[in-house]
1. Check each of the trypsin sites (Lys or Arg not before Pro) in the stretch 31-130 and keep only those in coil by DSSP with at most 11 other C-beta atoms within 10 angstrom; list them in order.
2. For the chain, what does -39500 (n - 2.57) per DSSP helix run (n ≥ 4), summed and divided by total residues, give at 222 nm, in deg cm²/dmol to the nearest 500?
3. Top mean-square fluctuation among Gln125, Gln20, Gln64, Gaussian network model of the chain, C-alpha springs under 10 Å?
4. Count the lysine pairs in the stretch 61-112 whose Cα atoms sit under 21 Å apart, keeping only pairs 8 or more residues apart in sequence or on different chains.
5. Pairing the Cα long axis of helix 2-19 with the longest principal axis of the chain, what angle in degrees results, from 0 to 90 and rounded to the nearest 10?
6. For a label point 7 angstrom out from the Cα of Val142 toward its Cβ, which stretches of the stretch 21-38 have the backbone nitrogen within less than 18 Å?
7. If I build a Gaussian network model for the chain, linking alpha-carbon pairs within less than 10 angstrom, which residue out of Val24, Val50, Val60 has the largest mean-square fluctuation?
8. Using R₀ = 25 Å, calculate the FRET efficiency as 1/(1 + (r/R₀)^6) where r is the Cβ-Cβ separation of Asp106 and Leu21; round to 0.05.
Amino acid sequence: MRSALITFSLGMAALPAMAQLTPVGLWRNIDDKTGVAKAEIRIREGADGVVTGFVEKALVTSEQPNCDLCTDDRKGKPKLGMEIIRGAKKVEGEDHWEGGYILDPDNGKTYRLRMKPLDGGSQLQIRGYLGPFYRTQVWIRVH
């Protein structure tokens with residue numbers, strides 16, 4: 001009985017960690033070129049399983065507070081509060097999300113997106129593709 005209780009307790013303790021294998025949450029993005037944390041991004045999942053991400057907090061003051069280099073409906077809009085992740089969904093049977101896009105509001109470029117939780121969900125690999133080329137960032141979970 002005692003061994004079953006210990007096993008049950010250990011299993012229950014692991015549930016929160018397993019539940020974190022998702023991009024949903026608050027993330028601190030780390031610039032792949034400078035290593036500096038630039039913003040906190042809130043990722044949410046809609047009822048249809050599509051995830052979106054918004055700039056919730058700026059950690060670095062930008063010389064250009066608006067996305068003047070954007071070429072879509074976000075052109076000229078404030079970077080703070082901006083939706084930068086659109087349309088990604090979990091790949092059936094896999095541990096990553098793709099099919100959407102991520103915007104770099106500093107250069108106005110939109111990249112095809114692939115997100116993969118790492119390190120038990122405490123980190124999120126963000127990979128943006130532009131043709132055959134890609135950029136990768138590893139974001140840190142805030143909560």
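The values are calculated or read from the model by the stated rules, or taken from the named source; none is laboratory data. Since the model is a prediction, treat every value here as computed from it, not as a measurement. Methodologically, a virtual Cβ is constructed for each residue, glycine included, from the backbone with ideal geometry; neighbour enumeration extends over all protein chains shown. Quick note on the areas: whole protein, heavy atoms, side chains included, nothing else; ligands and nucleic acids left out. Shrake-Rupley method; radii C 1.70, N 1.55, O 1.52, S 1.80 Å.
1. Answer in residue order: Lys33.
2. For the chain, the value works out to -4500 deg cm²/dmol.
3. Comparing Gln125, Gln20, Gln64 in a Gaussian network model of the chain, the most mobile one is Gln64.
4. So the count works out to 4.
5. So the inclination is approximately 10 degrees.
6. Under cut-off, by backbone N: 22-32, 35-38.
7. The residue with the greatest mean-square fluctuation here is Val60.
8. 0.30
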